[in-house]
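The values are calculated or read from the model by the stated rules, or taken from the named source; none is laboratory data. On a predicted model such as this, the values are computed, not experimentally measured, just so you know. Backbone-built Cβ (ideal geometry, glycine too); neighbour counts: all protein chains shown. Heads up: the accessible areas ignore ligands, DNA and RNA and are worked out on the full protein's heavy atoms, side chains in. Shrake-Rupley method; radii C 1.70, N 1.55, O 1.52, S 1.80 Å.
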Amino acid sequence: MSEYGDYDMFEIYHNDKKILEHIPHALLYDVRYITVKNSNDYFIKVPLSNDSFALFFGGWLYPDGTLPEMVVVVVTGDTAKVVYDDYAYAYKYTPGENFAIEYVKDTDNLPITESILKNQTKYKIWKEGNMLKYKSWK
C-alpha cells in the first residue's frame, strides 16, 4: 500500500494458504466511491451464508474523470473467485442485511444527478437470501 492508501493487488488467505491473488486493472483505494462516501474501509464484507461471503473492493477516482474500479470476490470455505471487476461509481448504497449498490460504469458528469441518470445505463448488485444478484437497465 502506498503512502496515499492506494494499492495495486490483493491476496486472500484461508488457514494460512493463499486462495486468491488478484491484480486489478487500475489502482484500488478504499470503498468511498462504491458506498456514496459512507465508508472509508478498504473493503466491504457481505455475509451470504455460514461459510460464504462477498468482499467488495473499491478503486481510485482519477482526476481525469476515469471512474473507479470495483472488484467483487465471493469466498466459500477455502475457495475464492472474482465475480466482478469493472468500473463502478455508486449513486445509491444500502449497507447491512439489505445490502445493495446501484452504480454507473461510464459518465462524464460528476456528481451524479437524476437528470444525468436518465441517459445512463444503471447497474445494481444486491443481496437476496444467500446470493448476490445483478441487473442493468437504461
Surface per residue (accessible, 1.4 Å probe) for the chain, Å²:
59 Å²
Length released on extending from Thr94 to Leu61, taking residue separation times 0.36 nm less the Cα-Cα span
9.8 nm
What does the charge count near Gln120 come to, summing +1 for each Lys or Arg and -1 for each Asp or Glu among other residues with Cβ under 9 Å from its Cβ?
+3
Cα to Cα, under 25 Å, and not fewer than 8 places away if on the same chain: which lysines meet these conditions relative to Lys17?
Lys45, Lys81
Radius 13 Å from Cβ of Ala100, net charge of other residues (Lys, Arg +1; Asp, Glu -1):
+3
Compute, for the chain, the length of the dipole vector about the Cα centre, with Cβ point charges of +1 (Lys, Arg) and -1 (Asp, Glu) only. Units Debye, rounded to 20.
700 debye
If I model a spin label at Asp6 and Val83 as a point 7 Å from the Cα along the Cα→Cβ vector, what separation in nanometres do I get?
2.9 nm
Between beta-carbons, use under 10 Å as the cut-off and find the net charge around Lys133, counting Lys and Arg +1, Asp and Glu -1.
+2
Mind checking which lysines have their C-alpha under 28 Å from Lys138, skipping anything on the same chain fewer than 8 residues away?
Lys37, Lys92, Lys105, Lys118, Lys122, Lys124, Lys127
Rounded to whole Hz and in sequence order, give me ³J(HN,Hα) for the stretch 9-23 from the Karplus expression 6.51 cos²θ - 1.76 cosθ + 1.60, θ = phi - 60°, writing x for Gly and Pro.
6, 8, 10, 10, 10, 9, 6, 6, 10, 5, 10, 7, 10, 9, 10
Expressed as a whole percentage, what fraction of the accessible surface of the chain belongs to carbon and sulfur atoms when a 1.4 Å probe is rolled over the protein heavy atoms?
47 percent
Which labelled figure in (1) 66, 31, 25; (2) 48, 38, 21; (3) 48, 29, 25 is Cα extents along the principal axes in Å, once derived from the coordinates:
(2)
For Lys135, give me every one of the aspartates and glutamates with a C-alpha distance below 13 angstrom, ignoring sequence neighbours fewer than eight places off in its own chain.
Glu102
Could you order His22, His14 so the one with the most accessible surface comes first? Probe is 1.4 Å.
His14, His22
Relative contact order of the stretch 1-110, defined on C-alpha pairs under 8 angstrom at six or more residues apart (%)
20 percent
